[in-house]
Every structure is written in structure tokens, then in C-alpha cells.
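Notes follow once the structure below has been shown.
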Amino acid sequence: MPANGFTTCLWFDGQAEEAAHYYVSLFKNSSIGRITRYTEGGMG
């Protein structure tokens, strides 16, 4: 892994936040940045 870390973007149709928290638990000094949620109507 690079010394300065990496950035990733996860896309899920369900349980995305749970998955993100799981991935953060795997990597030392990792964190969740911005979380964007859509309404039931979708984008925009």
C-alpha cells in the first residue's frame, strides 16, 4: 500500500453504510469521509 494511503468510492444498492464501516474496520487509521444519501425518489 502506498505510504500516503488511498481513496476509494463504494457503491451499493443496499446496506452501503454498514459495508463502509466494515471496510474502515479493516484498515488502520482509516475513516469515512462524506456520506451522501438519496431519497426514495432517487437522485435530484
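The values are calculated or read from the model by the stated rules, or taken from the named source; none is laboratory data. Everything quoted here is computed from the prediction, not taken from an experiment. We place every Cβ from the backbone using ideal geometry, glycine too, and count neighbours over all the protein chains shown. What goes into the accessible areas is simple: the full protein's heavy atoms, side chains included, and nothing from ligands, DNA or RNA. Shrake-Rupley method; radii C 1.70, N 1.55, O 1.52, S 1.80 Å.
Angle between the Cα long axis of helix 16-26 and the longest principal axis of the chain, 0 to 90 degrees, nearest 10? It is inclined by approximately 10 degrees. If you work out Rg/Rh (Cα atoms, Kirkwood Rh) from the coordinates, which of (i) 1.04; (ii) 1.22; (iii) 0.91 do you get? Read-out from the structure maps to (i).
Note that the chain presents 103 Å² accessible area per residue, ligands and nucleic acids not counted, probe 1.4 Å.
Quick check: net charge around residue 10, other residues with Cβ under 15 Å of its Cβ, Lys/Arg +1 and Asp/Glu -1? Before the final figure, lay out the partial values.
On the way: positive: 34, 37; negative: 13, 17, 18.
Net of charged neighbours comes to -1.
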